[in-house]
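For reference, the structure is listed below as structure tokens.
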Amino acid sequence: MIVSGSASQTLAAALAAELEEPLAPVEYDRFPDGELLAAVPGVAADRAIVVASTVSSDAHVELLQLQDAVREAGVDEVITVIPYMGYARQDEAFDPGHPVSARAVARAISTGTDRVLTVTPHERAVCEFFEPTATAVDAAGRLAEPLPADLTEPVFLSPDAGAIDLAQTVRDAYGRGETDYFEKVRHSGSEVEITPSDVTVAGRDVVVTDDIIATGSTMSQSIDVLDEGVGRIFVTCVHPLLANNAVTKLSRAGVEAIYGTDTIERGSSVVSVAPAIAAEL
Ligand code: R5P
């Protein structure tokens, strides 16, 4: 039985279809004081697969409630699928006195489950914060699917050296093109400094690929330093968080289309990770 968090309903339904398992009835409620209540009335199954991206603190609490609710209903095995793991970028104590937030949330989630899967975590090492270690599902190859087939001498770029593997994966799946990366220095949550890549992009179509687009600063500033005369610009990412004015920023930067997966449900979530998760399960 597939149990959906409120922020992952489309992906949960796709996964249920992929696995040919029923989708549990789920109710999401909120008390007058703001506290949440996520419930699974009438659930009876041996195994429950809870699918919930922790896109907010509320989504995180909701996931803990759903894990607890299915156990309370008598389910023997609980598998937790976290398509997008929130707080994963806080994977170390960056200043004295800071928490390792990724570890804190992973510990809480681990207490209610027998197994955890998460899709393309920001750093694979966060999987080790779960007990037992979470499985990382890789879905980046499918990001090539929505790209137009007629890209002109495509260049696949990543905003920093750390994401070059993603750009290479998308290029390999697309079947042709060059890869390179920008140099990125992050000054704050919304301020990044980007310096250009070596490759010449004049007259060529560009695909910029990252794991997450959050505020869109990294992507829009990468695009701003591209050579004049660049062809069409596409951006792809696994997790289209697209917070605040990210879509406007990218549109103003000249992006023709934003393509992401359904780990986060947005207008750009055109690629489903359900087959990749089903294959791992
Ligand atoms: C950070 O290293 C990630 O890979 C992304 O580059 C980052 O999360 C994007 O954030 P934003 O869209 O806010 O620049």
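The values are calculated or read from the model by the stated rules, or taken from the named source; none is laboratory data. Worth saying up front: this structure is predicted, and the values here are computed from it rather than measured. Cβ placement follows ideal geometry from the backbone for every residue including glycine, while neighbour counts extend to all protein chains displayed. Protein only, heavy atoms only, side chains kept; ligands, DNA and RNA dropped before computing areas. Shrake-Rupley method; radii C 1.70, N 1.55, O 1.52, S 1.80 Å.
Tabulated data for the structure shown
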| quantity | calculated |
| --- | --- |
| About the Cα centre, charge dipole magnitude for region 113-240 (Lys/Arg +1, Asp/Glu -1 at Cβ), debye | 300 debye |
| Per residue solvent-accessible surface (Å²) - the chain, probe of 1.4 Å | 44 Å² |
| Cut-off under 5 Å, modelled amide H: who pairs with residue 81 long-range | 50, 51, 52, 117 |
| In region 49-156, the chymotrypsin sites (Phe, Trp or Tyr not before Pro) that fall in loop regions by DSSP, at most 15 other Cβ within 10 Å | 94 |
| Computed lengthening from residue 161 to residue 93, 0.36 nm per intervening residue step minus Cα-Cα distance | 22.3 nm |
| Scattering profile of region 193-281 at q = 0.24, 0.25 Å⁻¹ [log10 I(q)/I(0), Debye over alpha-carbon scatterers] | -1.16, -1.23 |
| Dipole-positive endmost among 93, 32, 42 within region 1-112 (Cβ charges, Cα centre) | 93 |
| Dipole magnitude of the chain about its Cα centre (Cβ charges: Lys, Arg +1; Asp, Glu -1), debye to nearest 20 | 260 debye |
| Between region 151-172 and region 199-247, the alpha-carbon center distance in angstrom | 11 Å |
| Area of residue 115 that stays accessible when all protein chains are in place (1.4 Å probe, Å², to 10) | 70 Å² |
| Two-decimal ratio, the chain, of alpha-carbon radius of gyration to 2.2 N^0.38 Å | 1.04 |
| Pairwise label distance in nanometres, residue 104 with residue 44, each label 7 Å out on the Cα-Cβ vector | 4.1 nm |
| Pairwise label distance in nanometres, residue 245 with residue 76, each label 7 Å out on the Cα-Cβ vector | 5.6 nm |
| Qualifying GluC sites (Glu not before Pro) for region 185-281 [loop in DSSP, other Cβ within 10 Å: at most 16] | 191, 228, 256 |
| Estimated 222 nm signal from helices in the chain, with DSSP H stretches of n ≥ 4 weighted -39500 (n - 2.57), rounded to 500 | -7500 deg cm²/dmol |
| Shape category assigned to region 65-181 from the gyration tensor of Cα positions, a/c cut at 1.5 | oblate |
| Helix axis angle, 101-110 relative to the chain longest principal axis, alpha carbon, degrees | 40 degrees |
| Extension reserve of the residue 173-residue 145 stretch, reckoned as 0.36 nm per residue once the Cα distance is removed | 9.3 nm |
| Taking all pairs of distinct alpha-carbon atoms in region 1-147, Kirkwood radius in angstrom | 15.8 Å |
| P(r), alpha carbons of region 225-268 - 5 Å bins starting at zero, rounded % | 5, 22, 29, 23, 12, 7, 2 |
| Protein accessible area in the chain, 1.4 Å probe - carbon and sulfur % | 46 percent |
| Relative contact order [Cα under 8 Å, 6+ residues apart], the chain, whole percent | 14 percent |
| Net charge dipole size for region 1-148 [Lys, Arg +1 and Asp, Glu -1 on Cβ; Debye, nearest 20] | 260 debye |
| FRET efficiency for residue 152 and residue 128, using Cβ-Cβ distance with R0 set to 41 Å, rounded to 0.05 | 0.45 |
